[in-house]
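As structure tokens, the structure follows; a few thoughts come after it.
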Amino acid sequence: MEELLVFGGSGSRRLTAAICRHLGVEPGEGEVIRFSDGNLFVKANQNVRGRHVYVVQSTVFPANDNFMELLFWIDAFKRASAASVTVLMPYFSYAKADKKDEPRVSIRARVCAQAIEAAGAARVVTMDLHAPQIQGFFTLPVDDLYALPMLAEAIGGGGDLVVVSPDVGFAKQARKFATRLGAPLAIADKERVDHSEAARVIDLIGDVDGRDAVIVDDFTITAGTLVEVAEALVARGARSVRAAVTHGVFTGKSMQRLDDSPISRLYVTDTVENQPVTLSEKVETVSVAPLFAEAIGRIHRRESISVLFE
């Protein structure tokens, strides 16, 4: 097989370097220039003609700039005669906008999916999409990787664990954590009434009294839901509370909120690396670089990716 060409965008430079170390290759040579009027310029500084190119870019902090940069990278590689461009989008920020749940709104995840295809991508690899059906917004192949194995390893076994889903919508995935850890499942019932990124826990289904609780979720922004659930768990008699979240999209007072909460440890992956806040000492980062490296290798060798999660 020919040598891998893996390029990193501005949103995932450290993750790209870690992926390349696992693959035993150097990151692709490229540059990004931001002009004073806000325009972006991208350029690949090595030959990609006839090659299968992989570009890594999380679309957050800043979301719109990084998404546009990703489109420009795809276009640049295609115009440089790359045989194919595989997009590795560890965190897809617009995945939360996956439905028309009120009048006169855009289904932004679908718009982004169509833009990625129009730019010339051949395949997309992402991680823990907010809703699996988003894969249907694309007509090209989409591989949705799961951080569960690595987060479960970080959580560890032993003790009297109970896995807690922060809402009914994440219960199916939370049950997979519970099965992996050999623990029972509890579910928090919450309501969200507006776009303020705040939710209110109104009930808790399951027994947590005297147990070590682990809240699991796909992402957090303000840490509000995690803290609300943690406080409800303590009120119901939980002995300790930890949390494990794939995408740590931290903003504003999220770290202060976490520090003031009953949560003793928050495990997150390195899918998001440009957070505008200084991470709390309670936050422990778990790298998913080995998983993305394995996915790239398997795609390049035309092998199955799904077997990684069987």
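The values are calculated or read from the model by the stated rules, or taken from the named source; none is laboratory data. Since the model is a prediction, treat every value here as computed from it, not as a measurement. No Cβ is skipped: glycine too gets one built from the backbone with ideal geometry, and neighbour counts run over all protein chains shown.
Odds and ends about this structure:
- Candidates M68, M89: the one that is closer than 26 Å to D217 by Cα and at pLDDT 95 or above is M89.
- Residue in the range 43-55 that is modelled with pLDDT under 95 and of a type outside the set (A, V, I, L, M, F, W, C) present: no
- Only one of the listed residues (A119, A113, A152) is in contact (Cβ under 8 Å) with a residue 12 or more places away in the chain and in the same structural domain as V268 (by TED's automatic domain parsing). That residue is A152.
- So E29, is it surrounded by fewer than 22 Cβ atoms within 10 Å (Cβ to Cβ) and at pLDDT below 95: no
- The residue of the range 114-148 that is modelled with the highest pLDDT, among those that are closer than 26 Å to A171 by Cα and of a type in the set (G, A, S), is A147.
- Considering (1) aliphatic (A, V, I, L, M); (2) touching a helix residue (DSSP H, G or I) at 6+ places or on another chain (Cβ under 8 Å); (3) within 30 Å of L4 (Cβ to Cβ), the lone condition that V272 does not fulfil carries the number (2).
- Filter result for G252 (crowded, with 22+ Cβ neighbours inside 10 Å and under 22 Å from S58 (Cβ atoms)): no
- Residue within the range 170-183 that is free of Cβ contacts under 8 Å to residues at least 40 places away in the same chain, surrounded by fewer than 18 Cβ atoms within 10 Å (Cβ to Cβ), within 23 Å of P90 (Cβ to Cβ) and not basic (K, R) present: no
- Hits in the range 282-310 (condition: within 19 Å of R13 (Cβ to Cβ), in contact with an Asp or Glu (Cβ under 7 Å, 6 or more places away or on another chain) and of a type outside the set (A, V, I, L, M, F, W, C)): T285, S287
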